[in-house]
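Written out below as structure tokens is the structure these notes cover.
The values are calculated or read from the model by the stated rules, or taken from the named source; none is laboratory data. Since we're looking at a predicted model, the values are computed, not measured. Quick reminder, even Gly has a Cβ in these numbers, built from the backbone with ideal geometry, and neighbours come from all protein chains shown.
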Amino acid sequence: MNSSFDFRKPIAIGSDHAGYDMKEAIISLLEGKGLQYQDFGAHSSDAADYPDFAHPVAMAVEMGTVAFGILLCGSANGVSITANKHPGIRAAVCWGDEIASVARLHNDANILCLPARFVSLQDAEEMVEVFIATPFEGGRHQHRVNKIAFLSAIPNK
């Protein structure tokens, strides 16, 4: 793996009810690769509220106790909006390999958000693999990523 993630740490994963089955399949993928993970729920397909899982995943990424995060819900918008409320989080909604790659290369995304109702399991697994394997490119993109935090977005005079 040529990734900038620290795989001595687990990967945080969470979903609501809509993403539960896909989350379980992704956990199997991670296990098959010998990667550690921390499952923040949901633990069934019973109705659940996505912020209850997105906040703990984002906090684990924010605190640096995990390598990165994976969040799933029906559209991925709810978990992304929730996670992006946390400082230092760059949660990217992805629907294909190329988007997952660019989210890492250009945006240094640290949470992959998958729309469980709109992508196939095969596509989701491929996005996870691409996200894991793709390092942040840095360079000109670092300057842009540095501007994401509100206070640093104010232009210098």
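Restricting the first residue to the range 38-54 and requiring it to be in contact (Cβ under 8 Å) with a residue 24 or more places away in the chain, which pairs with a second residue that is of a type in the set (D, E, K, R) meet a Cβ separation below 7 Å and a spacing of at least six or different chains?
42/16; 45/21; 48/16; 49/16; 50/16; 53/16
Out of the residues in the range 45-76 meeting the condition of being assigned to a helix (DSSP H, G or I) and among the acidic types (Asp, Glu), tell me which one is nearest to residue 12 (Cα to Cα).
62
Scanning for something under 23 Å from residue 20 (Cα atoms), free of Cβ contacts under 8 Å to residues at least 40 places away in the same chain and in contact with a Phe, Trp or Tyr (Cβ under 7 Å, 6 or more places away or on another chain), does the range 63-77 turn up at least one residue?
Checked the range 63-77: no residue is under 23 Å from residue 20 (Cα atoms), free of Cβ contacts under 8 Å to residues at least 40 places away in the same chain and in contact with a Phe, Trp or Tyr (Cβ under 7 Å, 6 or more places away or on another chain).
For the range 113-151, name all the residues that are under 14 Å from residue 103 (Cβ atoms) and modelled with pLDDT under 85.
Selection gives 148 alone.
Take the residues in the range 93-122 that are β-branched (Val, Ile, Thr) and part of a strand (DSSP E or B); name whichever of them is surrounded by the fewest Cβ atoms within 10 Å (Cβ to Cβ).
Within the range 93-122, the match that is surrounded by the fewest Cβ atoms within 10 Å (Cβ to Cβ) is 93.
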